[in-house]
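Data block below; observations after.
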Amino acid sequence: MRQYIIKRLLILIPIFLGVSIIIFALIHTAPGDPYAYMVESGLPIEEKEIQLQKIGYYDSLPVKYIKWLGNVLHGNLGYSIRYAEPVTAVLGRRIGNTALLSVTSLAASTLLSVFLGILAAVKKKTFTDHIISVLSLIGISVPTFFLALGLIKIFSIDLNLLPVSGIETTGTNYTGWRRAADIFRHMFLPFLVLTCAQTASMVRYTRSAMLEVLGQDYIRTARAKGLAKRVVIHLHAFRNTLIPITTLVAMSLGHLLSGTVLIETVFVWPGMGNLLYQAVSNRDYPLIVSGTMLLSICILLANLLADILYGIIDPRIRYD
Amino acid sequence: MMNQNKQEENGTSLFKVGIKRLKKDKMAVFGLGILILFTLAAIFVPILGQYDPSAQDLLNTYQPPSAKHWLGTDELGRDVFTRLLYGGRVSLSVGLISTGISAGFGVFLGSVAGYFGKAVDGIIMRITDIFMCFPFYVIAITVAAIWGSGIWNIMLISGFLNWTNICRIVRAEVLSLRQREYIEASKALGLSDFETIIKHILPNILAVVIVYSTLGIAKGILSEAGLSYLGLGVTPPQASWGNMLAAAQSLRVLSLYWWLWIPAGTAVFITILSINFLGDGLRDAFDAKVN
């Protein structure tokens, strides 16, 4: 197992380099001089010169890339044009909000999709199964931001039950539970939209995972020795369905983190997605590049986690 | 009579079997019907449409739906229904062309990787891994910001970022096809690798490519809608479903003028739903692995 993890980590290196080369190439096609923003603004010209030399402004392209990569790996991502502070600080403030939204909706959609997927598989080809299938198809077909707009229209504008956007009511200084309740009210709609979208796409996998397990010999054996259907499903089948589902959840995490651009923008949720969208509107290239890099790494690591978990949970999988 | 029957039985190609299965799938037929209807509407709107999509009528802005304007008018007095049909032209062609690009890329790289194996396969699969860990909307808005927005850039962005799925599926198919005897035979006959791929491998993966391209069109249309909503896609005054939806960014439009954004969103939704119905039907009918 350890060997496998090491091997996977080694494969990660060329992929990471590839990602960074493409992103580096993207910055260089950007209009304007990206190096102008990599040094702190307001320095005297001589000092700026030294800094520019240090980060590789005068080097050839390959050397430039290597120096840039070195800076990235040291967490030295340059300065945001818009916020005039290190990119890491700006990103740090936002990443928690995105994590809050995506982790909770991932948890909710996992529970929901496991429940619905198993229900659909157990009641295969019945009315319940068809309803779940059709609902999940509808769920993956509706553009998430359109659903979001519809919900804002109904719940925030027409019924006036929930806030339209943001994370906290401005002008209030709630603390403790009242603050949590306030954030919860703001979070509810974006959470709902992400959960619906995520559940819809996951149900199809949980259903087929359960169907596959239910077709196995040991399930038939368990039934043949007289165990009730319920017991077989809860004890034998469910546990085995968890193997592919774990992989699915880990893989979804990365995509959820990146897929929140639209939803965060619709709800003006102060997370990474919204930040990057604003960075694009402000032509804040250092911020765009670092954010993209960060999110790509998240997806990369989530995929790695998925592979490793798969190996740990399923004793049948042996990597040598 | 019997002879004829037998002949028919022998003559039933996998394609015919697939079509037969597809016809029985009510959802797929329904989806196909809707798509044909939308496509026809998009093609013939210049002939059928009463209005010019960019004709302004500043005395009649924000009119609610009426007999004269089926879906009302927008902030410049333009007929929303006409714009919806013209928007369909743009959105559907973005879906089709971007899928053409991604399918072309995916099939080329996938078949090369699967056919040659070894180092070639390794390199292509690592490139696929690289593209798979790009967060789609983040990269898309970055590229749109650098290259500029516009209908062609949307097609390119969506095409270049969505080929990985088809590539992996094609590769897996080709890997198994490569072992077949007829591939060996074609090599023994002296066909070059290129000829073997074109004449003997591609025809056999066509069904899979069509199935997954169909589903890819949905992705293309969704990308257009999303990017145009963010103002980084199709640029106004040209209408697209995505930039019609962008009207809802204004709270006033969102709360007061539902006819400006709900029809466009519904059009995207119904199109994607139909494509998914059809795509699922095609997969069940033609993809041998599912059966």
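The values are calculated or read from the model by the stated rules, or taken from the named source; none is laboratory data. Because the structure is a prediction, the values reported are computed rather than measured. Cβ atoms come from the backbone with ideal geometry, glycine included; neighbour counts cover every protein chain shown. Keep in mind that these areas ignore ligands, DNA and RNA; they rest on the heavy atoms of the full protein, side chains included. Shrake-Rupley method; radii C 1.70, N 1.55, O 1.52, S 1.80 Å.
Below are the figures for this structure:
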item	result
Evaluation of A:His130 against (1) within 14 Å of chain B (Cβ to nearest Cβ); (2) closer than 16 Å to A:Thr206 by Cβ (one fails), failing number	(2)
The range B:240-276 - residue that is within 7 Å of chain A (Cβ to nearest Cβ) and touching a residue at least 60 places away in the same chain (Cβ under 8 Å) and, of those, nearest to the chain's Cα centre (by Cα)	B:Asn276
Check on B:Pro237, more than 11 Å from chain A (Cβ to nearest Cβ), within 30 Å of B:Gly150 (Cα to Cα) and either open to solvent by 60 Å² or more (accessible area, probe 1.4 Å) or of a type in the set (A, V, I, L, M, F, W, C) (or both)	yes
Pair list, Cβ < 9 Å and 6+ apart or interchain, from the range A:220-232 residues that are under 19 Å from A:Leu119 (Cα atoms) to residues that are open to solvent by 90 Å² or more (accessible area, probe 1.4 Å) and modelled with pLDDT of 85 or more	A:Lys229/A:Arg223; A:Val232/A:Arg223
Check on B:Ile183, open to solvent by less than 60 Å² (accessible area, probe 1.4 Å), more than 21 Å from the chain's Cα centre (by Cα) and closer than 28 Å to A:Leu275 by Cβ	no
All helices (runs of 4 or more DSSP H) inside the range A:238-320 with 2 or more residues being away from chain B (no Cβ under 11 Å) and surrounded by fewer than 22 Cβ atoms within 10 Å (Cβ to Cβ)	A:238-258, A:285-313
Subset of the range B:69-103 (residues that are hydrophobic (A, V, I, L, M, F, W, C) and part of a loop (DSSP other than H, G, I, E, B))	B:Trp70, B:Leu71, B:Leu76
Among (1) under 16 Å from the mean Cα position of the chain (by Cα); (2) of a type in the set (A, V, I, L, M); (3) crowded, with 22+ Cβ neighbours inside 10 Å, the one test that B:Leu232 misses	(1)
Candidates B:Ile198, B:Ile217, B:Ile221, filtered to the one that is within 14 Å of chain A (Cβ to nearest Cβ) and open to solvent by 20 Å² or more (accessible area, probe 1.4 Å)	B:Ile217
Enumeration of residues in the range A:1-26 that are among the small types (Gly, Ala, Ser) and either open to solvent by 40 Å² or more (accessible area, probe 1.4 Å) or modelled with pLDDT under 80 (or both)	A:Ala25
So A:Leu69, is it free of Cβ contacts under 8 Å to residues at least 60 places away in the same chain, more than 21 Å from the chain's Cα centre (by Cα) and surrounded by 15 or more Cβ atoms within 10 Å (Cβ to Cβ)	yes
Every residue from the range A:196-235 that is open to solvent by less than 30 Å² (accessible area, probe 1.4 Å) and of a type outside the set (A, V, I, L, M, F, W, C)	A:Gln198, A:Thr199, A:Thr206
Candidate set: the range B:16-42, residues that are modelled with pLDDT of 90 or more and β-branched (Val, Ile, Thr); chosen: the one farthest from B:Ser93 (Cα to Cα)	B:Val29
Only listed residue being within 14 Å of another protein chain (Cβ to nearest Cβ), aliphatic (A, V, I, L, M) and open to solvent by less than 10 Å² (accessible area, probe 1.4 Å), chosen from B:Ala144, B:Ala113	B:Ala144
Test: residue in the range A:86-97 that is small (Gly, Ala, Ser) and under 17 Å from the mean Cα position of the chain (by Cα)	yes
Flag if B:Leu96 is in contact with a helix residue (DSSP H, G or I) (Cβ under 7 Å, 6 or more places away or on another chain) and open to solvent by 50 Å² or more (accessible area, probe 1.4 Å)	yes
Residue check, A:Ala107 at pLDDT 90 or above, exposed (fewer than 14 other Cβ atoms within 10 Å of the Cβ) and more than 30 Å from B:Ala267 (Cβ to Cβ)	yes
Set B:Ile123, B:Ile130: member being modelled with pLDDT of 85 or more, open to solvent by 40 Å² or more (accessible area, probe 1.4 Å) and hydrophobic (A, V, I, L, M, F, W, C)	B:Ile123
Flag for A:Val193 being in contact (Cβ under 8 Å) with a residue 60 or more places away in the chain, open to solvent by less than 50 Å² (accessible area, probe 1.4 Å) and on the phi < 0 side of the Ramachandran plot	yes
Unmet requirement for B:Leu227, which otherwise passes all of (1) within 10 Å of chain A (Cβ to nearest Cβ); (2) open to solvent by 10 Å² or more (accessible area, probe 1.4 Å); (3) closer than 27 Å to B:Asn165 by Cα	(2)
Checking A:Leu112 against (1) more than 20 Å from the chain's Cα centre (by Cα); (2) more than 14 Å from chain B (Cβ to nearest Cβ); (3) at pLDDT 90 or above; (4) open to solvent by 50 Å² or more (accessible area, probe 1.4 Å), the condition it does not meet	(1)
Top-ranked residue of the range A:141-169 - restricted to ones that are surrounded by fewer than 17 Cβ atoms within 10 Å (Cβ to Cβ) and of a type in the set (A, V, I, L, M, F, W, C), ranked as nearest to the other protein chains (Cβ to nearest Cβ)	A:Ile157
Count of the range B:129-149 residues which are farther than 14 Å from B:Leu230 by Cβ and in contact (Cβ under 8 Å) with a residue 24 or more places away in the chain	3
Single match in B:Leu76, B:Leu71 (criterion: within 28 Å of B:Ser223 (Cα to Cα), away from chain A (no Cβ under 14 Å), buried (at least 20 other Cβ atoms within 10 Å of the Cβ) and not polar (S, T, N, Q))	B:Leu71
